[in-house]
Amino acid sequence: MNYVAYLVLRRLRAPLIALIVVWSLAVLGYVLIPGVDGNGNPYRMDFLHAFYFVSYMGSTIGFGEIPYAFTPLQRYWTLFCIYATVVCWFYSIGAVVTTFRDPNFLNLVRRTRFHYRVLKMREPFYLVCGYGATGSALVTDLALHGVQMVVVDIDSIRIDALELDNHPFDIPRLCADAGDPEVLQDAGVQHAMCRGVLCLTNNDQVNLYVAIASKLLAPERVVISRVSSRETAANMVSFGTDHVIDPFETFADYLTQAILLPFHQMVYHWLISPHHRPIETARKAWHGRWIICGYGRLGRALQLRLEANGLPSVVIDPNPTEREHEECRIVEGRGTEAVTLLEADIRHAVGIVAGTPDDASNLSILMTARELNPGVVTVARQNRPTNDPLFRAARVDFTMDPSLIIAQRMSALIKSPMLIEFLEGLNRQSEDWCENLLKSFNEMVHENRLENWSVRLSKQETPAVYECLRHGDAVTLQTLLAHPLERDVQLRALPLLLQRGDEQHFMPAQEQLLRIDDRILFAGQVRAQSSMAWTLNNENVLRYVVTGHEGASGLLWKRFLRQSQGERSGG
Amino acid sequence: MNTEKVVFAFFILLAATLNFGFFIGTVHATAHFNAIELFAALVISLIATVMKFGDRTHMGAVLLATSLVADLQLIAAALVWGYAATGTDTGLTNAVAASIMSLSGGALLANITSVVLLVIETVMVRR
């Protein structure tokens with residue numbers, strides 16, 4: 001990276017040497033040429049005056065002839081010097097300005113500034129490579145939760161977009177190729193405060209480079225990457241990438257779950273997405289035939305899953321000949337025309353998935369399908385976040401944005417790894433159980449945001465509870481869930497998971513006694529989290545919540561109270 | 001033959017010889033040509049410095065440092081001279097002349113170092 005600095009210096013050589021040569025020759029001329037002072041005596045200009053005169057002549061300021069009027073010979077020399085110095089001055093100044101306006105040079109300045117900003121970071125941060133649709137959704141969500149990040153993207157337009165997106169704090173950003181290990185080093189992959197690397201570029205090869213480089217340069221960093229092919233995914237897992245997320249597989253899983261286990265899917269959606277669907281929209285599973293438009297990687301993943309669950313499906317694809325060997329019914333066409341849809345028997349289908357990579361086609365497919373069969377369930381893949389109003393106006397039953405799904409999953413991985421464990425355990429529960437859980441969620445937050453957070457009972461995170469437990473006092477989940485100002489009121493929060501060593505307690509009971517180093521996952525209102533923080537961190541609040549009356553906080557008052565209590569018990 | 005090396009060696013040697021010539025003479029306020037000698041030494045030294053800009057080798061960096069030292073000393077000498085000759089009533093006293101000589105002596109040492117480094121570099125290149 002330093003080579004640009006050398007290049008700049010090298011480019012300055014010629015203008016600087018030209019300046020020195022012309023200036024010194026001019027000065028030398030004035031010193032050597034004899035002059036005449038005011039009284040007609042012979043006189044020679046000294047270096048001070050010569051340099052002074054040449055300086056203002058060359059820079060075209062021109063104060064006149066000093067210290068005495070020039071002789072014809074001096075004027076003769078001046079005539080040459082004017083042209084030489086002025087031309088040389090403009091050339092040198094122009095060359096210097098050009099060099100400093102050079103894009104390479106400006107990049108170097110930006111890069112150096114970025115490097116020092118990252119070096120000075122004092123709180124844990126994540127390195128985000130790629131600020132596209134997924135990247136921006138993830139950065140926005142994490143920034144809202146106070147997670148510091150460093151963003152690298154190869155496209156300057158997206159870096160400018162990051163500057164304009166209103167994040168609660170300033171995020172260091174660099175326009176550079178994340179696949180370059182030097183860029184990763186400058187972005188702080190080896191920084192002591194770097195917690196993990198997120199590879200979110202739209203190029204699998206670049207993601208692979210970033211993941212490999214991060215694992216080699218800093219093996220202990222968590223690396224989370226998106227991939228779009230199975231081979232790359234297997235490759236990444238082979239060298240220890242911590243989490244690999246395939247948008248199409250994740251999306252297909254998500255959609256299959258929505259079709260087969262709507263309540264499971266809804267619990268997942270409520271916990272992982274900031275905006276959730278109202279509980280009334282949940283329906284019982286739709287069993288019947290499905291039509292899948294677009295048989296790309298997404299269509300194939302979806303079709304395989306439907307087949308595995310015993311749901312018949314028809315695929316509509318413009319190039320059916322390429323898929324002849326596949327064992328499913330394929331109709332040739334785009335799906336945007338009524339003829340194709342009728343051939344796929346839309347009138348008797350339970351639902352239709354518009355999964356092409358083009359939003360206009362997807363909307364057209366669904367609108368045509370609904371005209372032919374008003375009761376059909378419509379599922380759309382939304383490719384661009386800006387098309388949100390269109391999909392809302394089309395009243396599509398399920399809109400799924402693959403980039404958003406990845407962003408939400410990654411943000412859950414970073415914010416609360418316990419949530420992912422809970423969601424995995426969720427698969428073992430029944431639909432009715434999920435429905436009940438949803439109802440209690442609904443009672444807590446209604447249409448507001450359902451927040452989730454995890455707590456570890458340790459000296460650093462929860463000093464008050466830690467002290468209490470260390471002294472052997474009993475603390476239950478109920479204690480933590482009591483309102484810090486009014487202990488009879490319960491906070492609008494629900495414990496979802498209690499982790500003690502290798503043991504996991506799903507939906508622990510309120511009377512559950514807690515121990516040091518327990519980890520608990522809560523879900524509830526956003527406000528409940530900050531209220532709970534009082535109980536967890538403030539000794540006095542915790543004492544009030546446990547005993548029902550406020551104790552003394554000062555040393556003197558504590559001593560006084562203890563004495564008076566001793567007298568009372570003694571007498 | 002490397003033209004850049006020839007030109008650079010020329011300027012380094014010229015800076016050293018001019019500096020030497022100025023250093024062994026005696027400074028007289030009336031001797032106009034003494035000042036021209038100092039001026040020439042300073043200009044050549046400046047050019048030699050600029051010619052080392054952007055050299056990525058270790059030797060290049062050290063040569064840049066030595067010529068910067070020479071520049072600094074010569075500029076200091078010129079400033080002292082200019083101030084003494086024009087800014088004070090006493091003009092160029094013996095004390096001022098002595099300090100100009102010692103400053104140019106320091107610059108000479110730096111220039112000699114440059115020449116020694118240049119010779120070493122030349123000897124190391126066996127072509």
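The values are calculated or read from the model by the stated rules, or taken from the named source; none is laboratory data. Here the structure is a predicted model, which means the values were calculated and not measured. When we count neighbours, we look across all protein chains shown, and the Cβ atoms used for this are built from the backbone with ideal geometry, even at glycine. For accessibility, only protein heavy atoms count, side chains too; no ligands or nucleic acids. Shrake-Rupley method; radii C 1.70, N 1.55, O 1.52, S 1.80 Å.
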TODO: Please tell me if B:Thr113 is open to solvent by 50 Å² or more (accessible area, probe 1.4 Å), outside any helix (DSSP H, G or I) and away from every other protein chain (no Cβ under 14 Å).
DONE: no
Open item on the list: What pairs come out if I take residues in the stretch B:51-74 that are within 13 Å of chain A (Cβ to nearest Cβ) and pair them with residues that are outside any helix (DSSP H, G or I) and of a type in the set (D, E, K, R) whose C-beta lies under 6 Å away, six or more apart or interchain?
Closed with: B:Gly60/B:Lys52; B:Leu64/B:Lys52
Task: Single residue of A:Gln529, A:Gln563 found to be outside any loop (DSSP other than H, G, I, E, B), farther than 20 Å from A:Thr462 by Cβ and assigned by TED's automatic domain parsing to the domain that holds A:Ala464 - done: A:Gln563
Open item on the list: Between a residue in the stretch A:68-86 that is within 22 Å of A:Tyr43 (Cβ to Cβ) and any residue that is aromatic (Phe, Trp, Tyr) and surrounded by 12 or more Cβ atoms within 10 Å (Cβ to Cβ), which pairs come within a Cβ distance under 8 Å, given they are 6 or more apart or on different chains?
Closed with: A:Tyr68/A:Tyr43; A:Gln74/A:Tyr30; A:Trp77/A:Tyr30; A:Thr78/A:Phe70
Open item on the list: I'm trying to understand the selection: among the residues of the stretch B:75-92, which are more than 13 Å from chain A (Cβ to nearest Cβ) and surrounded by 12 or more Cβ atoms within 10 Å (Cβ to Cβ)?
Closed with: B:Ala76
- [ ] Kindly establish whether A:Gly29 is within 13 Å of chain B (Cβ to nearest Cβ), over 17 Å from B:Val43 (Cβ atoms) and surrounded by 15 or more Cβ atoms within 10 Å (Cβ to Cβ).
- [x] no
Open item on the list: Among the residues of the stretch A:403-455, what is the count of those that are open to solvent by 60 Å² or more (accessible area, probe 1.4 Å) and of a type in the set (Phe, Trp, Tyr)?
Closed with: 1
Task: Selection from the stretch A:278-304 of residues that are part of a helix (DSSP H, G or I), open to solvent by 50 Å² or more (accessible area, probe 1.4 Å) and either closer than 11 Å to A:Gly351 by Cβ or at pLDDT 75 or above (or both) - done: A:Arg297, A:Arg300, A:Leu304
TODO: Report yes if B:Glu37 is among the acidic types (Asp, Glu), in contact with a helix residue (DSSP H, G or I) (Cβ under 8 Å, 6 or more places away or on another chain), within 28 Å of A:Pro34 (Cβ to Cβ) and part of a helix (DSSP H, G or I), otherwise no.
DONE: yes
Task: Filter pass, A:Arg44 being within 30 Å of A:Arg101 (Cα to Cα), of a type outside the set (A, V, I, L, M), open to solvent by 50 Å² or more (accessible area, probe 1.4 Å) and within 11 Å of chain B (Cβ to nearest Cβ) - done: no
Task: Any hit, the stretch B:94-103, residues being within 14 Å of chain A (Cβ to nearest Cβ) and either modelled with pLDDT of 85 or more or farther than 25 Å from A:Pro15 by Cβ (or both) - done: yes
- [ ] Considering each of A:Tyr56, A:Tyr6 in turn, give the residue that is assigned to a helix (DSSP H, G or I) and either away from chain B (no Cβ under 13 Å) or small (Gly, Ala, Ser) (or both).
- [x] A:Tyr56
Task: Qualifying residue in the stretch A:6-18 (condition: more than 21 Å from B:Arg56 (Cα to Cα) and loosely packed, with under 15 Cβ neighbours inside 10 Å) - done: no
TODO: Within the stretch A:32-41, count every residue that is in a strand (DSSP E or B) and within 13 Å of chain B (Cβ to nearest Cβ).
DONE: 2
